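Working notes, beginning with the structure itself.
The values are calculated or read from the model by the stated rules, or taken from the named source; none is laboratory data. Keep in mind it's a predicted model, so treat the numbers as computed, not measured. All Cβ positions, even for glycine, are placed from backbone atoms using ideal geometry, and neighbour counts span all protein chains on display. Side chains included, ligands, DNA and RNA excluded: accessible areas come from the protein's heavy atoms. Shrake-Rupley method; radii C 1.70, N 1.55, O 1.52, S 1.80 Å.
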Amino acid sequence: MTAELKLDAREHVPPFPQLCRYLSERSPRPMVAVDGTTHVVSYANPAFAELAGREVKQLLGRPFAEAVPEGADNGCLALLDRVFRTGVPDNLAEQEHRQSQTRPIYWSYAMWPILGADERPVGVMIQVTDATDTAHFRQQAVAMNESLLVSATRQHELTEVAESLSARLEAAVRARDHFLAVLSHELRNPLAAFSSGLQLLTLAREDREVAENSREMMERQLKQMVRLVDDLLDVSRIRTGKLELHKERVELASVVRDAVEAIRAFIDGRGHELTVVLPSGPVLLDADSARLTQVFLNLLNNAAKYSEPCQSIRLTARLDGGEVEVSVQDHGIGIPAAKLPHIFEAFMQVDTSWQRTQGGIGIGLSLVKEFVELHGGRVEAHSMGLGQGSEFLVRLPVAVGDVSDPAATAENPRGPVRRILVVDDNRDAVASLAMILKMMGHEVRTANDGEAAVAVAAEYRPRLVLMDLGMPKVDGYEAARRMRAQPWGAELFLVAVTGWGAEEDRRRTHDGGFDSHLVKPVDMDTLRRLIAEMPINAS
Ligand code: ADP
């Protein structure tokens, strides 16, 4: 076919029909002419044959649809009919032609009518373009756009998360700063009271009443500080998962009694009237009585603190199925509804000027919640709003069975007189502890180091030894070991008295043969209880 199309070199311009044919035969653009009604191919150039993967002669006289089988579905044949019918040229872009081994192939079509002698269409000229690359680029661009959109959305989400984290961090930092400010304020108060108390003691050497008053005031402040530090230690133990409960069978009445005793002076001091109503029979709990006492102590303390002087406070308990519900109710300043859902969060304080003057560091209620939940119970706060009083409800599972702890059931008036040995290298500490124990009615001897302690014990045979741990030469651990090694040592009730109160410290003294562990400064109520609850044998 190309041979017959060679142009005569001597002719500069070939005749027009020959030129046209030459152009279409040599054109790199695939072209086909089809009959307008039958779609039969009347002409196809080599470029189209190559694109269609056939010989030109395989195409001629055959329906165009054989080369473009997808034409019926993708609108190519419909376009062909339309162009033929209307005589208006038209295009169809990027239609999938077929799947190659690696990727789909796309064709684009441009069609224009072939007009007959009367200017009416007799056929259609079709120019086909391989649009595979363009289509793939476009698809990639779309996919890229989509993924950009996705990553923009993701980035937006991440920004939101980062913003909320940074807001929470800022809030946490603010809460920490606020807490430190409140804590320093709360520590400064008792320290200031201490400093003036000491000055008063110096000035009032002769005036016993003044001296006694300042001593009492300092004792109150000291108790407050010890409680504060204990609460802080509990928070840190809870946060590090190191808080252990020492559960035993106890009676609710004895826990409530301990809490009321501990808070009595404060409640009386503010002129409140406290009513306690408990079920008539014993209510048994499997509980760590010290922790549960702290729960009711904190609730009663708040009820007294957040009520105007001379109000009434009620603690009532009632059995409800397998649970006991204890309510601590006051007629005080109440809690605004917006703060109620957060009231058990650590460091949460309702920010009114009244409450700011009441003292406290905002951890009491969070400990209440933790302790109650550790006992398998739950706690709720209710208030109708500011000025409407508050009610805290503690629900605890009731234990079934007998009371096994005699100290929990019966009042233990004074208990038997004990022979006690107090050991401490600090002479003031020994002297004051010995004096208190004597005032409680016990017999007391003292020693100032471990060696002396073992010697005194061998001769005095105490029932109880209160032993400091850090002492020169023979320390408390070694003295305890030596005492336990004696025939009389097994019966001793050995109590470590130390400034270290962490769980590891307690474990160490327990492993060292001590029966109990008290943290300095020793709380008198705790000491009294410890002595009352010691196993009843030789005294
Ligand atoms: P603190 O009393 O040391 O501030 P708490 O954790 O015991 O901390 O209590 C948190 C806050 O809850 C208090 O600061 C107070 O605003 C509020 N609150 C607790 N108990 C009562 C109550 N009985 N009446 C009114 N407000 C209370």
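The table that follows gives values for the structure above.
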{"read-out": "Spans of helices (runs of 4 or more DSSP H) in region 446-539 with at least 2 residues surrounded by fewer than 18 Cβ atoms within 10 Å (Cβ to Cβ) and touching a residue at least 60 places away in the same chain (Cβ under 8 Å)", "value": "524-532"}
{"read-out": "Ala135 being under 30 Å from Val40 (Cα atoms), in a helix (DSSP H, G or I) and small (Gly, Ala, Ser)", "value": "yes"}
{"read-out": "Residues located in region 191-214, provided they are surrounded by 11 or more Cβ atoms within 10 Å (Cβ to Cβ) and either part of a loop (DSSP other than H, G, I, E, B) or aromatic (Phe, Trp, Tyr) (or both)", "value": "Phe194, Ala204, Asp207"}
{"read-out": "Filter result (open to solvent by 40 Å² or more (accessible area, probe 1.4 Å) and either acidic (Asp, Glu) or assigned to a helix (DSSP H, G or I) (or both)) within region 21-50", "value": "Arg21, Tyr22, Leu23, Arg26, Asp35, Pro46, Glu50"}
{"read-out": "Options Pro341, Pro309; residue that is more than 6 Å from the ligand (Cβ to nearest atom), in a loop (DSSP other than H, G, I, E, B), at pLDDT 90 or above and open to solvent by 30 Å² or more (accessible area, probe 1.4 Å)", "value": "Pro309"}
{"read-out": "Hey, Val250 in a helix (DSSP H, G or I) and touching a Ser or Thr at 6+ places or on another chain (Cβ under 8 Å) or not", "value": "no"}
{"read-out": "Any hit, region 288-300, residues being without any contact (Cβ under 8 Å) to a residue 24 or more places away in the chain, under 30 Å from His246 (Cα atoms) and either open to solvent by 60 Å² or more (accessible area, probe 1.4 Å) or more than 12 Å from the ligand (Cβ to nearest atom) (or both)", "value": "no"}
